[in-house]
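Written out below as structure tokens is the structure these notes cover.
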Amino acid sequence: MTPPPAVKEQPIVHVEAKPLSQEDLERYWHETAEELKLAELMSAAKVRLGENHRTIDIEATETWFANDFRPHRIEVMEQLRKKSGMPMLDCNVIPLFVSKETIIYTAEEKYRAMLERNPSLGAMRKLFPEIDL
């Protein structure tokens, strides 16, 4: 009986990716946008490094970005992980919310709001006191 062939141990090589810089992240973001043909979508957001450099913040500059980006998120992150050499890179999408001003409903509230912007309306109201009816 012949002894089993000796198994050569493969050396384990640990490759550490260089720390991701803001400049590299932005370059990878733009390259990924071009490669995936998502330039218009991805131009509606800014990317920046997160606090721990293992996450990136994707900050929407348009209100529709978060919803439109959702179906492409995995594909984009796979590309960014590959480019950065960071397989555990994750993202946090920060949507853009537009705050709405309070809507004034009553005639008196409307008048007061208009009077603040144009004080000469007070003189007009003296001439036409029944204008609200």
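Nothing in this text is a laboratory measurement; each read-out follows from the coordinates by a stated rule. Since the model is a prediction, treat every value here as computed from it, not as a measurement. Positions of Cβ are backbone-derived with ideal geometry, glycine not excepted, and every protein chain shown enters the neighbour counts.
Approximating the spin labels as points 7 Å out from Cα along Cα→Cβ, the Glu130-to-Thr63 distance works out to 4.2 nm.
Val47: net charge of surrounding residues, Cβ under 9 Å, Lys/Arg +1, Asp/Glu -1, itself excluded?
On the way: positive: Lys46, Arg48; negative: Glu26, Asp57, Glu59.
My count for the surroundings of Val47 gives -1.
Residues within the reach of a label modelled at Leu96 (point 7 angstrom out along Cα to beta-carbon, backbone nitrogen below 17 Å), restricted to region 29-68, are 39-48, 57-68. For region 16-52, backbone nitrogen atoms closer than 13 Å to the point 7 Å from Arg70 Cα along Cα-to-C-beta are found at no residue. Scaled against 2.2 N^0.38 Å for its residue count N, the alpha carbon radius of gyration of region 23-80 is 1.04. The local environment of Lys82, defined by Cβ-Cβ distances under 12 Å, has a net charge of -2 under the rule Lys, Arg +1 and Asp, Glu -1. Across region 16-133, counting alpha-carbon atoms alone, Rg and Dmax equal 24.6, 80 Å. Taking 7 Å steps out from each Cα toward its Cβ at Leu36 and Leu121 produces label points 4.9 nm apart.
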